[in-house]
Amino acid sequence: MAGKPRIVRIKFESPTSEFYAEVREKSTVRELMKIITRVWGDEYMRTYHKSKEMKSDQFLSTYNIKDGSIVKVQVLAESPDQPVNVCTNNFKFMVNNKKLNRFSILGLIHCVS
């Protein structure tokens with residue numbers, strides 16, 4: 001006979017906010033991220049437990065999440081899958097073409113500042 005699913009209470013913290021949620025002990029990190037999205041409305045994030053980045057396809061047990069655990073949330077402005085710095089590509093293009101005019105230099109200065 002299967003027992004009742006065990007519920008754990010987790011505290012979610014970001015640099016500016018925090019909240020608590022109760023989840024099934026056998027939940028995945030992806031399910032936690034859905035809860036965070038519902039509460040804070042942010043789609044792009046990274047989650048950490050004891051300074052270890054949590055992967056969305058893993059179960060909470062992988063990270064030893066228990067009742068009272070704290071999950072740190074890093075909210076991102078854009079998808080972590082997008083290129084971080086377009087300026088580097090622009091600089092490589094300008095160097096390879098050896099066509100540095102005042103507009104390309106101004107664009108590079110804009111990227112650096």
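The values are calculated or read from the model by the stated rules, or taken from the named source; none is laboratory data. Worth saying up front: this structure is predicted, and the values here are computed from it rather than measured. Cβ placement follows ideal geometry from the backbone for every residue including glycine, while neighbour counts extend to all protein chains displayed.
Could you figure out which of (1) under 17 Å from LEU60 (Cβ atoms); (2) in a loop (DSSP other than H, G, I, E, B); (3) among the acidic types (Asp, Glu) isn't true of GLU31? Tallying (1) under 17 Å from LEU60 (Cβ atoms); (2) in a loop (DSSP other than H, G, I, E, B); (3) among the acidic types (Asp, Glu), GLU31 fails exactly one: (2).
Residue pairs whose Cβ atoms lie under 9 Å apart, sitting 6 or more positions apart in sequence or on different chains, and linking a residue in the stretch 63-79 that is more than 11 Å from TYR48 (Cα to Cα) and assigned to a loop (DSSP other than H, G, I, E, B) to a partner that is of a type in the set (Phe, Trp, Tyr) and at pLDDT below 90, are LEU76/TYR44; ALA77/TYR44; GLU78/TYR44; SER79/TYR44.
Would you be able to tell me the number of residues in the stretch 36-69 that are of a type in the set (Phe, Trp, Tyr) and buried (at least 16 other Cβ atoms within 10 Å of the Cβ)? Please lay out each step first, then the result.
Of all residues in the stretch 36-69, those of a type in the set (Phe, Trp, Tyr) come to 40, 44, 48, 59, 63.
If we keep only those that are buried (at least 16 other Cβ atoms within 10 Å of the Cβ) as well, we get 40, 63.
Qualifying residue count for the region: 2.
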